[in-house]
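Have a look at the structure below, then the notes.
We did not get these values from a lab; they are worked out from the coordinates using the rules stated. Remember, predicted model here, so these are calculated numbers, not experimental data. A quick note on method: Cβ atoms are made from the backbone with ideal geometry, for glycine too, and the neighbour counts reach across all protein chains shown.
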Amino acid sequence: MDYHIRYKGEKGHIPVVRVGDGGLKLISFDLLLFDEGMEYCEDTGGSEACIVILGGNATVSCGGKTWEHIGLRRDVFDGPAAAVYAPRDSRFEFRAASGPVEAAVLRTLTHETFEPAYIPPDMVNIVHRGKDNWSRTVHDILDHRTPAGNMLVGETFSPPGNWSSAPPHRHDVEDPPNETDHEEIYLFKVKPEQGFQLIRLYTDDYALNTAYCVEQNDTVIITRGYHPVAAGPGYQGYYLWLLAGRSRTICPRDDPRHAWLKNT
């Protein structure tokens, strides 16, 4: 099965991932690449949604609330994100206030209902992980601080040539606190944008053992296995991630062959 969805240069509203793709049970994802004044609206139905401003400036409305001109960064490499959480059984409206504007509409199926919420850049939790050539910076956008059903959203930034998701980890089995089962997607970007990253997907028995060369706006579905990522030499690496499972507590399992990295 091919878990790599290549970006084909489309503009406007781009449906990227739907429930069922690659074995996903909860997650769907759209990309909005808009010029100034373009609009998009959606009834969330049985899914909650997180609208992440990747670059530019937008106005978002949901549940009788409107957040105007949110988004302070030119692109994902220009500071923390702004985002809006839209609960299930709600309607949100998105308008590109000044163009061009890029945004991700991330969704997970849920039975729970919460209130709409705005997550400004100063609420993003920034942490540094790893060391040496596997150091990276992680931005937690939608986490336990914002009430939601089962979704977790964030961004990972890697210096040129560095690895992330290292030591390689998985979240395939519901056996807390040893491991939890969470499906995931990555949306990739690089700077300069003609660059590339590599992602390896593999399981302990190598029933899954593949690698993808990903470029600007490519997406990878992760429903099982370890999934380390490397940024190409000279290129800053980035991916937006969405996790969904039975709970919002993640207990990843490191590949025991490579777990020694944490002791260095």
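What to note about this one:
- Positive minus negative residues near Gly55 (Lys, Arg vs Asp, Glu; Cβ under 9 Å): -1
- For Met38, distant residues with modelled amide H under 5 Å away: Ala96
- The string of couplings for the range 243-250 from the Karplus curve (6.51, -1.76, 1.60, θ = phi - 60°) is 10, 8, x, 5, 9, 9, 9, 9 Hz, one whole number per residue in order, with x for Gly and Pro.
- Unsatisfied cross-links (Cα-Cα over 26 Å) in the set Lys25/Lys65; Lys8/Lys65; Lys25/Lys191; Lys131/Lys191; Lys8/Lys131: Lys25/Lys65; Lys8/Lys65; Lys25/Lys191; Lys8/Lys131
- Computed from phi, the 3J(HN,Hα) profile of the range 205-214 under the Karplus parametrisation 6.51, -1.76, 1.60 (θ = phi - 60°) reads 8, 6, 4, 10, 7, 9, 9, 10, 8, 10 Hz, with x in place of Gly and Pro.
- Amide H contacts under 5 Å for Leu152: Leu243, restricted to partners 5 or more places along the chain or on a different chain, H placed in the peptide plane at 1.01 Å from N.
- Residues whose amide H lies under 5 Å from that of Tyr7, counting only those 5 or more places away or on a different chain, are Asp218, Thr219; hydrogens are built 1.01 Å from N in the peptide plane.
- In order through the range 6-23: 3J(HN,Hα) via Karplus (6.51 cos²θ - 1.76 cosθ + 1.60), integer Hz, x for Gly, Pro: 7, 7, 10, x, 5, 10, x, 8, 10, x, 10, 10, 10, 3, x, 5, x, x
- Counted by neighbouring Cβ atoms within 10 Å, the residues Met151, Met38, Met1 run from fewest to most as Met1, Met38, Met151.
- At q = 0.14, 0.15 Å⁻¹, base-10 log of I(q)/I(0) for the chain (Debye sum, equal scatterers on each alpha carbon): -0.94, -1.10
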